[in-house]
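K.L.:
Sharing a structure below in structure tokens format, with a few things to ask.
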Amino acid sequence: MNGAKLREKIAFTVLGFVTLLVILPILLILYYVISRGWGAMSWEFLTQNPRNGMKEGGIFPALVGTILLVIGTMAFSLPLGILSAIYLVEYARDNLFTRMIKLSVVNLSGIPSIVYGLFGFTVFVVFLHFGASILAGSLTLAIMSLPVIITSTKEALEAVPMSYREISLSLGATRWQTIRYCVLPYAIPGILTGTVLSLSRAAGETAPILFTVAAFYLPHLPRSVFDQVMALPYHLYVISTQVPNVPEKFSFGTGLVLIALVCLMNVVSIVLRAHFRKKKQW
Amino acid sequence: MNRKWTETVIEAAIRLSGFLLIAFVFLIFLFLLKDSLSLFRVYPFFDFIAGTKWLPISEPPSFGIVPLVMGSFMVTAGAIAICVPIGVAAALYIAEIAPGFLKTILKSLIEVLASIPSVVLGFIGIVWLGPFVKNLFHLRTGMCGLTGVFLLAFMALPTIITISEDALASVPRMYKEAAYGLGATKWQALWRIVLPAASSGIMAAIMLGIGRVIGETMVVMMVTGNAPVIPTSLLQPLRTLTATIAGEMGEAVSGSDHYYALFAVGLVLFIITFILNFTAERFLRRTRR
Amino acid sequence: MVEQDAIIKTLDLNCFYDELQVLRNINLEIYRNEILGIIGPANSGKTTFLRALNRLNSLNINYRQQGVIRFEGQDATQIPDSVLRRKIGIIFAMPQVLPITIYENVAYGPRVHGVKDGQRIDALVMESLQKAYLWDEVKDRLQTSATKLSGGQQQRLCIARTLAVEPDVILYDEPCSGLDPISTARVEDAMQQLSQQYTQILVTNNTKQAARVSHRTAFFLMGELVEVDNTQVLYTNPSDKRTDDYLTGKFG
């Protein structure tokens with residue numbers, strides 16, 4: 001073996017080893033959370049209120065709260081994100097307005113989640129008098145989710161062949177009819193995948209909901225969108241740092257449910273993508 | 001006529017949502033600015049930006065953000081120093097060396113990592129990594145800069161790996177084939193040709209990685225010990241910009257100087273990440289071309 | 001055979017992509033119910049001319065146009081896109097069908113124009129497919145996907161789809177370039193039959209096809225209209241030497 005070949009062999013081995021170094025902790029963390037949290041899993045854990053200073057009972061209100069927040073986030077970010085992406089792909093000309101939108105998407109994607117929290121607090125909670133509420137929290141998470149939804153919707157729209165648009169327009173359809181009947185139906189899988197992905201991120205976020213919605217302890221379900229709720233990520237933060245002597249399996253159990261929820265959403269998005277890809281005919 | 005009406009309404013909605021996006025960025029900036037200015041009316045800007053003491057509830061209070069900026073800077077520098085070489089190496093392996101099936105598995109695992117909520121990693125830091133660091137360096141507490149650095153480096157990996165891998169994959173095949181034609185080994189082609197050709201995409205990855213680390217809140221709040229003093233070593237507890245906002249907002253009285261000072265910290269974060277993202281976008285555009 | 005009444009008329013039509021001028025001062029009249037062939041080598045501006053007529057060029061943001069196009073005596077810029085494109089349909093070079101059923105492909109146009117009555121759509125679909133000589137081949141499988149048809153069938157489906165919105169003019173952009181000789185013959189048959197009712201403009205690279213099908217033929221070269229005349233005259237006795245050179249294969 002000559003020098004160059006030997007160097008190649010060494011380099012590739014090192015690269016492979018480094019990659020293992022990245023992967024191993026991921027598996028280790030998953031194993032650790034699952035094995036320690038499994039003991040807490042029970043029907044009771046998922047469906048009961050926390051009791052006795054959150055040292056007993058379950059995580060039901062936090063689970064429901066997170067699900068409500070995800071739904072609320074989707075209600076705002078999905079239409080806004082899809083419409084913006086449609087603008088960028090189907091309507092935008094190369095002008096100042098378009099460039100500003102693109103720049104805004106880039107910057108929204110980089111703003112730290114805690115800054116979203118501050119913004120949501122000062123605008124939705126204080127300025128618009130929503131108070132700390134599902135509404136304020138959902139709006140905050142929605143703005144934060146926009147960049148991912150827009151980027152993936154844009155990609156999905158751009159993947160629809162130009163010829164579909166030409167066919168429709170050449171038959172005298174208007175621009176919106178063309179988008180509605182000849183573009184969107186074929187872009188839906190990509191849009192859904194991106195949306196579910198961004199919602200799964202929103203489900204796991206803590207910083208944006210700290211001051212906009214999350215309740216420390218609230219053992220009943222909300223009655224309106226102006227109520228506060230507990231949320232899984234914040235609950236995990238609370239029981240692992242703010243409340244002493246919570247049994248470890250409860251913390252791990254909460255973490256496990258949170259990871260499971262996020263992973264479940266990811267799996268849903270992967271299944272959706274595969275399902276639509278099979279049906280795709282072009 | 002009906003068709004025309006629908007068309008007009010929908011197109012207006014589409015334009016409006018584009019306009020809203022721009023409005024959000026402006027609003028975020030304006031609201032942060034408005035509340036920050038309320039601080040600077042009573043507290044000198046220079047003392048804020050160059051003050052070395054963050055003592056928001058002593059009398060008189062002191063809102064110098066140097067300790068917080070240093071805290072953020074140290075954990076970010078540490079995390080980036082660890083995750084850039086590892087991330088780029090892993091990206092090289094995934095993009096150029098790993099066989100097809102392994103590539104899929106590796107990429108899915110990276111996606112799993114990207115989707116683990118930061119609060120879960122923070123929790124892992126408390127129960128596992130913190131005590132580990134404590135025993136390793138014989139510290140009084142494991143809740144210190146280094147624990148944060150490890151976790152942040154880990155969290156930034158997906159960003160760095162995914163974007164670098166895209167950059168590597170978009171280097172034209174021809175470049176490599178030309179190198180092979182001259183008798184280079186695969187490694188020589190990667191090291192001398194592909195890596196330099198992807199450098200601006202990798203720069204973008206690093207920028208976005210830095211943005212990710214600076215902006216991360218929960219992990220640093222949970223594991224770095226939250227001492228707002230100028231850190232001299234990563235083995236000490238320290239406090240970042242993000243953790244300060246998250247940790248103190250709940251206690252700050254609405255409308256107090258302390259309250260406005262936290263918005264000023266938010267403004268600083270906003271400006272830093274704005275610049276990072278803007279630069280990253282520049283690099284990315286260069287790759288696409 | 002051909003009424004001498006212009007349905008479309010271009011006056012000093014100039015077309016540009018950015019700074020590149022692709023058509024220069026085109027003055028051309030298209031008569032009602034004729035088949036006008038447009039021939040010329042690649043990049044002579046034929047397709048741009050065709051797509052200028054139903055304004056599909058404007059989808060390209062770099063496109064600019066000067067001059068006047070009159071449709072039925074009216075300045076075409078006064079007609080909304082959707083109305084103009086309905087009146088002037090187009091068949092693309094490669095058969096372009098939507099990945100939906102045969103029936104839905106044809107019904108798409110009438111539906112977007114607000115036809116809701118199911119029976120009326122049924123009738124339009126049948127009529128259009130018959131006119132395009134496709135009905136007999138597909139009548140038993142209207143609900144199968146259009147992508148399963150052969151290339152020639154797909155192209156006739158495209159014709160049927162255009163007919164279903166009841167246009168006055170049909171543009172063909174090298175409609176047979178991807179088809180075998182038998183499919184080509186079928187498409188040409190359909191065109192012959194349609195000339196009773198429609199004005200048709202056929203852009204083609206194939207000079208023989210223009211000779212077979214068109215009543216008049218125009219020769220485009222490097223963005224200019226060199227000449228236009230009755231097909232017989234143009235092919236046997238062209239007045240410009242460049243036309244003769246092209247037809248005899250000296251270039252192109």
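The values are calculated or read from the model by the stated rules, or taken from the named source; none is laboratory data. Just so it is clear, the model here is predicted, and its values are computed rather than measured. Glycine gets a Cβ as well: all are built from the backbone with ideal geometry, and neighbour counts include every protein chain shown.
K.L.:
Answer yes or no as to whether A:LEU103 is part of a helix (DSSP H, G or I), under 23 Å from A:LEU199 (Cα atoms) and either in contact with a Ser or Thr (Cβ under 7 Å, 6 or more places away or on another chain) or touching a residue at least 40 places away in the same chain (Cβ under 8 Å) (or both).
P.N.:
Criteria not met by A:LEU103.
K.L.:
Another question about this same structure. For region B:55-69, state whether one or more residues are within 14 Å of another protein chain (Cβ to nearest Cβ) and farther than 28 Å from A:TYR116 by Cα.
P.N.:
No, every residue in region B:55-69 fails to be within 14 Å of another protein chain (Cβ to nearest Cβ) and farther than 28 Å from A:TYR116 by Cα.
K.L.:
Residue check: is B:ALA204 in contact (Cβ under 8 Å) with a residue 24 or more places away in the chain and touching an Asp or Glu at 6+ places or on another chain (Cβ under 8 Å)?
P.N.:
Criteria met by B:ALA204.
K.L.:
Sticking with this structure for a sec: So in region C:58-85, with the set limited to residues that are within 11 Å of chain A (Cβ to nearest Cβ) and of a type in the set (S, T, N, Q), which one is surrounded by the most Cβ atoms within 10 Å (Cβ to Cβ)?
P.N.:
For region C:58-85, the residue satisfying everything is C:SER82.
Quick grid of which residues meet (1) surrounded by fewer than 22 Cβ atoms within 10 Å (Cβ to Cβ); (2) part of a loop (DSSP other than H, G, I, E, B):
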residue	(1), (2)
B:ILE126	yes, no
B:ILE163	no, no
B:ALA167	no, no
B:ALA184	yes, yes
B:LEU195	yes, no
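K.L.:
Taking the condition of being at the interface with chain B (Cβ under 7 Å from one of its Cβ atoms), over 24 Å from A:GLU158 (Cα atoms) and assigned to a helix (DSSP H, G or I), how many residues in region A:106-119 meet it?
P.N.:
Number of matching residues: 5.
K.L.:
Can you name every one of the strands (runs of 3 or more DSSP E) wholly within region C:1-119 that holds 3 or more residues which are in contact with a Lys or Arg (Cβ under 6 Å, 6 or more places away or on another chain)?
P.N.:
Passing ranges, in order: C:6-17.
K.L.:
Go over the candidates C:GLN232, C:GLN200, C:GLN196, C:GLN209 one by one and state the one that is surrounded by fewer than 16 Cβ atoms within 10 Å (Cβ to Cβ), of a type in the set (S, T, N, Q) and under 30 Å from A:LEU171 (Cβ atoms).
P.N.:
C:GLN196
K.L.:
Here is a list of conditions, (1) over 25 Å from B:MET207 (Cα atoms); (2) in contact with a strand residue (DSSP E or B) (Cβ under 8 Å, 6 or more places away or on another chain); (3) surrounded by 16 or more Cβ atoms within 10 Å (Cβ to Cβ), and B:ASP47 meets all of them except one; can you say which number that is?
P.N.:
Failed condition: (3).
K.L.:
Out of the residues in region A:72-96 meeting the condition of being at the interface with chain B (Cβ under 7 Å from one of its Cβ atoms) and not aliphatic (A, V, I, L, M), tell me which one is nearest to A:ILE191 (Cα to Cα).
P.N.:
Among residues in region A:72-96 that are at the interface with chain B (Cβ under 7 Å from one of its Cβ atoms) and not aliphatic (A, V, I, L, M), the one nearest to A:ILE191 (Cα to Cα) is A:SER84.
K.L.:
A:SER198 - would you say it is assigned to a helix (DSSP H, G or I), of a type in the set (Ser, Thr, Tyr), within 12 Å of chain B (Cβ to nearest Cβ) and touching a residue at least 40 places away in the same chain (Cβ under 8 Å)?
P.N.:
The answer is yes for A:SER198.
K.L.:
Mind telling me which of the residues C:ILE30, C:ILE26, C:ILE38 ends up being in contact with an Asp or Glu (Cβ under 9 Å, 6 or more places away or on another chain) and in contact (Cβ under 8 Å) with a residue 24 or more places away in the chain?
P.N.:
Going through C:ILE30, C:ILE26, C:ILE38 in turn, the sole match is C:ILE26.
K.L.:
I'm checking my understanding of the structure. Among residues of region A:50-60 that are of a type outside the set (Gly, Ala, Ser) and outside any loop (DSSP other than H, G, I, E, B), which one is surrounded by the fewest Cβ atoms within 10 Å (Cβ to Cβ)?
P.N.:
Result: A:ARG51.
K.L.:
Considering only residues that are loosely packed, with under 15 Cβ neighbours inside 10 Å, hydrophobic (A, V, I, L, M, F, W, C) and within 12 Å of another protein chain (Cβ to nearest Cβ), which ones fall in region A:7-49?
P.N.:
A:ILE10, A:VAL14, A:PHE17, A:LEU20, A:LEU21, A:LEU24, A:LEU27, A:LEU28
K.L.:
Condition check: in a loop (DSSP other than H, G, I, E, B), among the polar types (S, T, N, Q) and under 21 Å from C:LEU56 (Cα atoms). Does C:SER177 satisfy that?
P.N.:
Yes: the conditions hold for C:SER177.
K.L.:
Next question. Hey, can you tell me all the residues within region A:56-99 that are touching a residue at least 60 places away in the same chain (Cβ under 8 Å) and of a type in the set (Asp, Glu)?
P.N.:
Once the filter is applied, which keeps residues that are touching a residue at least 60 places away in the same chain (Cβ under 8 Å) and of a type in the set (Asp, Glu), region A:56-99 yields only A:GLU90.
K.L.:
Right, next: Among what's in region A:219-249 and is under 21 Å from the mean Cα position of the chain (by Cα) and in a loop (DSSP other than H, G, I, E, B), pick the residue that is nearest to B:ILE116 (Cα to Cα).
P.N.:
A:ALA231
K.L.:
Which residues, taken from region B:220-275, are touching a Leu at 6+ places or on another chain (Cβ under 8 Å), within 14 Å of another protein chain (Cβ to nearest Cβ) and among the small types (Gly, Ala, Ser)?
P.N.:
B:GLY225, B:ALA246, B:GLY250, B:ALA252, B:ALA261, B:ALA264, B:GLY266
K.L.:
Just a yes or no: is a residue in region B:214-232 under 21 Å from B:VAL88 (Cβ atoms), among the aliphatic types (A, V, I, L, M) and crowded, with 24+ Cβ neighbours inside 10 Å?
P.N.:
yes
K.L.:
Moving on. Working only within region B:152-185, note down all residues that are without any contact (Cβ under 8 Å) to a residue 40 or more places away in the chain and among the polar types (S, T, N, Q).
P.N.:
If the condition is that a residue be without any contact (Cβ under 8 Å) to a residue 40 or more places away in the chain and among the polar types (S, T, N, Q), then B:THR185 is the only one that fits.
K.L.:
Provide a single number: the residues in region B:60-85 that are surrounded by fewer than 20 Cβ atoms within 10 Å (Cβ to Cβ) and farther than 30 Å from B:ALA252 by Cβ.
P.N.:
The number of residues fulfilling the criteria is 3.
K.L.:
Taking the condition of being among the hydroxyl-bearing types (Ser, Thr, Tyr) and touching a Lys or Arg at 6+ places or on another chain (Cβ under 9 Å), how many residues in region A:198-224 meet it?
P.N.:
First, the residues of region A:198-224 that are among the hydroxyl-bearing types (Ser, Thr, Tyr): A:198, A:200, A:206, A:212, A:217, A:224.
Narrowing further to those that are touching a Lys or Arg at 6+ places or on another chain (Cβ under 9 Å): none.
Summing the residues that are among the hydroxyl-bearing types (Ser, Thr, Tyr) and touching a Lys or Arg at 6+ places or on another chain (Cβ under 9 Å) in region A:198-224 gives 0.
K.L.:
Could you please let me know if B:PHE40 is more than 9 Å from chain A (Cβ to nearest Cβ), hydrophobic (A, V, I, L, M, F, W, C) and assigned to a helix (DSSP H, G or I)?
P.N.:
Taking the combined requirement at face value, the residue satisfies it.
K.L.:
Mind telling me which of the residues B:THR52, B:THR8, B:THR76, B:THR104 ends up being farther than 30 Å from B:SER199 by Cα and within 14 Å of chain A (Cβ to nearest Cβ)?
P.N.:
B:THR8
K.L.:
Given (1) within 11 Å of chain B (Cβ to nearest Cβ); (2) buried (at least 24 other Cβ atoms within 10 Å of the Cβ), where does A:LEU69 come up short, assuming only one miss?
P.N.:
(1)
K.L.:
On to the next question. Does B:SER72 qualify as being assigned to a helix (DSSP H, G or I), over 18 Å from B:PHE150 (Cα atoms) and among the polar types (S, T, N, Q)?
P.N.:
no
K.L.:
Can you run down the residue pairs with Cβ atoms below 6 Å, 6 or more apart or on separate chains, where the first is in region B:111-134 and among the small types (Gly, Ala, Ser) and the partner is modelled with pLDDT under 90?
P.N.:
Pairs found: B:SER115/A:ASN266; B:GLY130/B:GLY142.
K.L.:
Quick one: which residue in C:CYS176, C:CYS158 is more than 10 Å from chain A (Cβ to nearest Cβ) and crowded, with 23+ Cβ neighbours inside 10 Å?
P.N.:
Within the list C:CYS176, C:CYS158, the selection yields C:CYS176.
K.L.:
Mind telling me which of the residues A:PHE252, A:PHE216 ends up being over 20 Å from the mean Cα position of the chain (by Cα), in a helix (DSSP H, G or I) and either touching a residue at least 60 places away in the same chain (Cβ under 8 Å) or in the same structural domain as A:THR66 (by TED's automatic domain parsing) (or both)?
P.N.:
Criteria check complete, one pass: A:PHE252.
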